[in-house]
1. Could you check segment 100-160 for strands (runs of 3 or more DSSP E) lying wholly inside it with 1 or more residues that are among the small types (G, A, S), more than 12 Å from L174 (Cβ to Cβ) and open to solvent by 60 Å² or more (accessible area, probe 1.4 Å)?
2. Given the conditions (1) open to solvent by less than 40 Å² (accessible area, probe 1.4 Å); (2) of a type in the set (D, E, K, R); (3) in a loop (DSSP other than H, G, I, E, B), report the number of the one that D66 does not fulfil.
3. Taking segment 78-99 as the search range and keeping residues that are open to solvent by 40 Å² or more (accessible area, probe 1.4 Å) and closer than 17 Å to E173 by Cβ, which one is modelled with the lowest pLDDT?
4. I need the full set of residues from segment 15-52 which are in a strand (DSSP E or B), open to solvent by 50 Å² or more (accessible area, probe 1.4 Å) and at pLDDT below 75, in order please.
5. What's the number of the condition G74 fails, among (1) modelled with pLDDT under 90; (2) more than 23 Å from T151 (Cα to Cα); (3) not β-branched (V, I, T)?
6. If F125 meets every condition in (1) in contact (Cβ under 8 Å) with a residue 24 or more places away in the chain; (2) more than 17 Å from the chain's Cα centre (by Cα) apart from one, which number is that one?
Amino acid sequence: MLNFAAAAALATSVIIFPPGGAPGTVPPPDHITIDVVTVNGSGCPAGTAAVAVSPDNKAFTVTYSDFLAQVGVGASPTDFRKNCQLNLRVNVPQGFTYGIAQADYRGFAHLERGASGVERANYYFQGMSPTAYKTHTFNGALSDDWQATDTTEIAAIVYHPCGERRNFNINTELRVNVGTSNPNTTTSFMSMDSTDGSFDTLYHFAWKVCR
């Protein structure tokens, strides 16, 4: 059952594209449904990630309210790294399969001079090898919105095996490193959410026809 709890946070959308994978095109004709099997990780404790499918079946939204890594004053020793794993069952129209082509991540970071923040993610279908982590690093001093994009060449997209039922996993991690900043007098953090819910993270899926 999907949790539609309202939280001021990041919205994560997955846009489904038909064969050809061109942004802005109409998805396959039949309904697309997504079941959230599990949500695990220190960045998305129970009750802090809400998932909803858009009425037009073109997207689903994941809203985080506690995905924040931090170091320094007020932070615990384990707060420097937070992660979230989404295990999803994407039910697609018969005769189609999908793969991830691009992911656009956004959030907010406050990094003191000398500190740094890292966002990284990988993706895989159940029973298959994960893709390599794609890593993005941000250096302080910084106190602003951040954005990171993962792209996959068309020829390198891994598609869900036709005729099989394999869940899709998205692993996302935020990490903040003290570096040369002073953790006794400063606090640095990086979040995948916002106070006004204005940030969207888009997972773009490419479609392919099963033969």
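1. 142-151
2. Looking at each condition in turn, D66 falls short on (1).
3. Q85
4. P19
5. With respect to (1) modelled with pLDDT under 90; (2) more than 23 Å from T151 (Cα to Cα); (3) not β-branched (V, I, T), G74 is out only on (1).
6. So F125 meets the others, but not (2).
The values are calculated or read from the model by the stated rules, or taken from the named source; none is laboratory data. In this text the structure is predicted, and so the values were computed from the model without any measurement. When we count neighbours, we look across all protein chains shown, and the Cβ atoms used for this are built from the backbone with ideal geometry, even at glycine. These accessible areas exclude ligands, DNA and RNA; they are computed on the full protein's heavy atoms, side chains included. Shrake-Rupley method; radii C 1.70, N 1.55, O 1.52, S 1.80 Å.
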